[in-house]
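Notes follow once the structure below has been shown.
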Amino acid sequence: MLEAYEDAINDCTKIIQLHPKNHDAYYMRGILRIDFGDIKNGCLDLSKAGELGDLKAYETIKEKCNQKNGDDQ
């Protein structure tokens, strides 16, 4: 299972290298990284996906990236 995650992340990275404005690849890599435990980089990928026009990325950020603490600072 671990190898499948790593392969999928690598595939997304290759797509991003070939097509740097592909928001779907950033979104998918972000989800995979978060699921794999790399929250920081996963959230950065989701943010990039949002910047590139993937509106669902912002909802996913709210769900998966803004849960570090309960404070509204």
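In segment 1-26, the residues that are part of a helix (DSSP H, G or I) reach residues that are exposed (fewer than 11 other Cβ atoms within 10 Å of the Cβ) and of a type outside the set (F, W, Y) with C-beta atoms within less than 8 angstrom, at least six apart or across chains, in these pairs: H23/G53. With respect to G50, determine if the residue is of a type outside the set (D, E, K, R), surrounded by 16 or more Cβ atoms within 10 Å (Cβ to Cβ) and in contact with an Asp or Glu (Cβ under 8 Å, 6 or more places away or on another chain). In short, no.
With respect to (1) in a helix (DSSP H, G or I); (2) at pLDDT below 95, the lone exception for Q73 is condition (1). Hey, any hits in segment 35-46 for a residue that's over 10 Å from the mean Cα position of the chain (by Cα) and assigned to a helix (DSSP H, G or I)? Yes, the conditions are met somewhere in segment 35-46.
Name the single residue, out of those in segment 47-67 being assigned to a loop (DSSP other than H, G, I, E, B) and not charged (D, E, K, R), that is farthest from the chain's Cα centre (by Cα). Among those residues, the one meeting the criterion is Q67. Looking across segment 16-42 at every residue that is touching a Ser or Thr at 6+ places or on another chain (Cβ under 9 Å) and closer than 16 Å to C65 by Cβ, the one that is surrounded by the most Cβ atoms within 10 Å (Cβ to Cβ) is identified as G30.
The values are calculated or read from the model by the stated rules, or taken from the named source; none is laboratory data. Computed from a predicted model, the values in this text were never measured in an experiment. Neighbour counts run over all protein chains shown; Cβ positions are idealised from the backbone, glycine included.
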